[in-house]
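J.: Take this structure first; my questions come after.
The values are calculated or read from the model by the stated rules, or taken from the named source; none is laboratory data. Small disclaimer: the values here were computed from a predicted structure and weren't measured. Every residue, glycine among them, receives a Cβ derived from its backbone with ideal geometry; neighbour counts consider all protein chains shown.
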Amino acid sequence: MTNQQEYARYVKKHAARSPLLANCFAAFFVGGLICAGGQVLFLLYQSAGMDRLQSGTLVTVTLIFLSALLTGLGVFDRIARYAGAGTLVPVTGFANSVVSPAIDTKSEGLVLGVGSKIFTIAGPVLLYGVLFGALYGAVYFVVGLFH
Amino acid sequence: MQKLWSLPCPPRIFMAASAVGKEEYRGPLGEKFDYHDDTDRFGGDTWEHAEEGLAYKTLTLALNKAHLLPESLDLLLAGDLQNQCVATSTGLLPFGAPFLGLYGACSTAGLGLLVAALALAATDAVRTAAVVTTSHNCAAERQFRTPLEYGAQRTPTAQWTATAGGAFLLARDRGRVALPALMAGRVVDSGLSDAANMGAAMAPAAADSLLCYFAQSGDSPAAYDAVVTGDLGREGSAMLSYLLEGQGLFLGEKHLDCGKLLYDFNRQDVHAGGSGCGCSAAVLAAHFLPLLESGAMRNILFIATGALMSPSSLQQGGRVLGIAPAVRLSHVEESDG
């Protein structure tokens, strides 16, 4: 039998690879489309009389709502299969990563199912996002004392 | 070490049945399966319950086809992929048969046939045995990977857990497919830790079993109509050829893989092919057994392949271990003993 390291090298060399260029193209295309859609929404909210901050918040909320809706309808994962990072990187990906475990674990109850498993995917983003946010805040505060 | 066990009075498979989900029915073997459910639900309200329904349906089909009552089962061997094999133990509860739950990951169909043959050969008390294995795509995705609606791209080496079940009824004196030789296979450390390339992780175990089988039996692959692996898929099949050819064993066209046969790669997005313990069971029951019964195939070597691992063990730096039990299936003339 071929030894393990040699086999691991062979597998690494010969395993089918993801179509990197096509995936990048799809990601930029769909991701760009989502951002362009967000910009259109932003302009619409502004023309309806909102200021910049309100419009920005409303765009985020709208995109999160649409992602959650499409996830619930079972459409989001089909788009994401093609779009990859295009749907994952914008706020749409984060919404999907929270809603999909919630749907999945509904059958296990609202507390021990949805309640404890809703952040199984988004958890790391939340934990380290908050942690490094707080660290940055502390550094910012200390630096501010000397200015 | 004697790894190949020959049975002087080989037990036989006298009936088999299969049930599959929507995607499997859409595949090239679709019409051959006894039953399919386009909702993938099999009467269950959750995916876990759906797999229980699949197990129940599959054994019911086999018993009905054989005109047998559940009381005639002296031994029921079954397994699936859910934690603690709960789908088969719960789904097969209504049959009330003496039960041995088995876990061989995706190799459970081979393991079940092997244990059933041993039990039938060992004691007169066991006259009729049943083997049932199932896997359900949605239950497996939830347990091993990500939520069903999570949007992510899979690597081309990943495999698609089949929603499928296979049931086999065995006896000593009925049927036209005998099991004259068995080999349990050894646990083989693949050295790999990529859960998205199970085919490559199982190939060393399949190679180990195959090399050992042909060495100890003295047979050459030419004596077989096919060498059928469970669920190596495209990746694992290529790796198996590499490993075997390095040792001078060439299977060529004789090698067929249930995970590759179950789907049409041009129409169905199943990455490297099908997997799961229902995959090899359903393909064996629906595709190969009828060929063996009719005599269109005289001998096949069935090597179910399993990846022994858990998501936690991999996260803790563990490697994927493989197991590949081998069962020789031979056409025999029916003799009513």
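J.: Does A:L41 satisfy the criteria of being hydrophobic (A, V, I, L, M, F, W, C) and without any contact (Cβ under 8 Å) to a residue 24 or more places away in the chain?
T.: yes
J.: Check whether at least one residue in the stretch A:91-106 is surrounded by fewer than 14 Cβ atoms within 10 Å (Cβ to Cβ), within 13 Å of the chain's Cα centre (by Cα) and not acidic (D, E), and report yes or no.
T.: no
J.: Being part of a strand (DSSP E or B) and either away from chain A (no Cβ under 14 Å) or surrounded by fewer than 24 Cβ atoms within 10 Å (Cβ to Cβ) (or both) is the filter here; which residues of the stretch B:156-177 pass it?
T.: Of everything in the stretch B:156-177, those that are part of a strand (DSSP E or B) and either away from chain A (no Cβ under 14 Å) or surrounded by fewer than 24 Cβ atoms within 10 Å (Cβ to Cβ) (or both) turn out to be B:T161, B:A164, B:G165, B:G166, B:A167, B:F168, B:L169, B:L170, B:A171, B:V177.
J.: Could you check the stretch A:102-147 and list, in sequence order, the residues that are touching a residue at least 12 places away in the same chain (Cβ under 8 Å) and aromatic (F, W, Y)?
T.: Scanning the stretch A:102-147 gives a single hit, A:F119.
J.: List, please: which pairs have Cβ atoms under 8 Å, are six or more places apart or on different chains, and start with a residue in the stretch B:131-158 that is more than 20 Å from A:T71 (Cβ to Cβ) and acidic (D, E) and end with one that is at pLDDT 95 or above and outside any strand (DSSP E or B)?
T.: none
J.: Let me ask another. Would you call B:V270 out of contact with any His (no Cβ under 6 Å at 6 or more places or on another chain), over 26 Å from B:F214 (Cβ atoms) and buried (at least 19 other Cβ atoms within 10 Å of the Cβ)?
T.: Against the criterion (out of contact with any His (no Cβ under 6 Å at 6 or more places or on another chain), over 26 Å from B:F214 (Cβ atoms) and buried (at least 19 other Cβ atoms within 10 Å of the Cβ)), B:V270 qualifies.
J.: So if I check each of B:G236, B:G248, which one is without any contact (Cβ under 8 Å) to a residue 24 or more places away in the chain, outside the structural domain of B:Q153 (by TED's automatic domain parsing) and closer than 29 Å to A:R9 by Cβ?
T.: Step by step, each of B:G236, B:G248 is checked, and only B:G248 is without any contact (Cβ under 8 Å) to a residue 24 or more places away in the chain, outside the structural domain of B:Q153 (by TED's automatic domain parsing) and closer than 29 Å to A:R9 by Cβ.
J.: Spot the failing condition for B:D74; the list is (1) free of Cβ contacts under 8 Å to residues at least 60 places away in the same chain; (2) within 14 Å of chain A (Cβ to nearest Cβ), and only one is missed.
T.: For B:D74, the failing item is (2).
J.: Can we say B:H271 is outside the structural domain of B:F144 (by TED's automatic domain parsing) and in contact with a Pro (Cβ under 7 Å, 6 or more places away or on another chain)?
T.: In short, yes.
J.: Please determine whether any residue of the stretch A:116-125 is part of a helix (DSSP H, G or I), closer than 21 Å to B:T46 by Cα and charged (D, E, K, R).
T.: Yes.
J.: Can you tell which of B:S209, B:S241, B:S220 is in contact with a strand residue (DSSP E or B) (Cβ under 9 Å, 6 or more places away or on another chain), of a type in the set (G, A, S), over 27 Å from B:E51 (Cβ atoms) and surrounded by fewer than 23 Cβ atoms within 10 Å (Cβ to Cβ)?
T.: Of the residues listed, the single one that is in contact with a strand residue (DSSP E or B) (Cβ under 9 Å, 6 or more places away or on another chain), of a type in the set (G, A, S), over 27 Å from B:E51 (Cβ atoms) and surrounded by fewer than 23 Cβ atoms within 10 Å (Cβ to Cβ) is B:S241.
J.: Return the total of residues in the stretch A:120-147 being away from chain B (no Cβ under 12 Å) and either among the acidic types (D, E) or surrounded by 13 or more Cβ atoms within 10 Å (Cβ to Cβ) (or both).
T.: Selection size over the stretch A:120-147: 2.
Yes/no per residue for (1) among the polar types (S, T, N, Q); (2) in contact (Cβ under 8 Å) with a residue 60 or more places away in the chain; (3) not in a helix (DSSP H, G or I):
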position	(1), (2), (3)
B:E48	no, yes, no
B:E52	no, no, no
B:T60	yes, no, no
B:D124	no, no, yes
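J.: Being surrounded by 22 or more Cβ atoms within 10 Å (Cβ to Cβ) and either among the basic types (K, R) or over 22 Å from the mean Cα position of the chain (by Cα) (or both) is the filter here; which residues of the stretch B:307-337 pass it?
T.: If the condition is that a residue be surrounded by 22 or more Cβ atoms within 10 Å (Cβ to Cβ) and either among the basic types (K, R) or over 22 Å from the mean Cα position of the chain (by Cα) (or both), then B:R328 is the only one that fits.
J.: Looking at (1) at pLDDT 95 or above; (2) of a type outside the set (D, E, K, R); (3) under 20 Å from B:S310 (Cα atoms), can you tell me which one B:N83 breaks?
T.: (1)
J.: Where in the stretch A:1-110 are there helices (runs of 4 or more DSSP H), lying wholly inside it, with at least 3 residues that are among the hydroxyl-bearing types (S, T, Y) and more than 9 Å from chain B (Cβ to nearest Cβ)?
T.: Per the criteria, A:52-72.
J.: Give B:D231, B:D264, B:D269 a once-over and let me know the one that is of a type in the set (D, E, K, R), closer than 23 Å to B:A139 by Cβ and more than 14 Å from chain A (Cβ to nearest Cβ).
T.: B:D231
J.: For the stretch B:95-119, which positions are out of contact with any Pro (no Cβ under 8 Å at 6 or more places or on another chain) and within 24 Å of B:T46 (Cα to Cα)?
T.: B:G101, B:L102, B:Y103, B:A105, B:C106, B:T108
J.: For B:S190, state whether it is of a type in the set (S, T, N, Q), in the same structural domain as B:G248 (by TED's automatic domain parsing), surrounded by fewer than 24 Cβ atoms within 10 Å (Cβ to Cβ) and more than 20 Å from B:L261 (Cα to Cα).
T.: No; evaluated as a whole, the condition is false for this residue.
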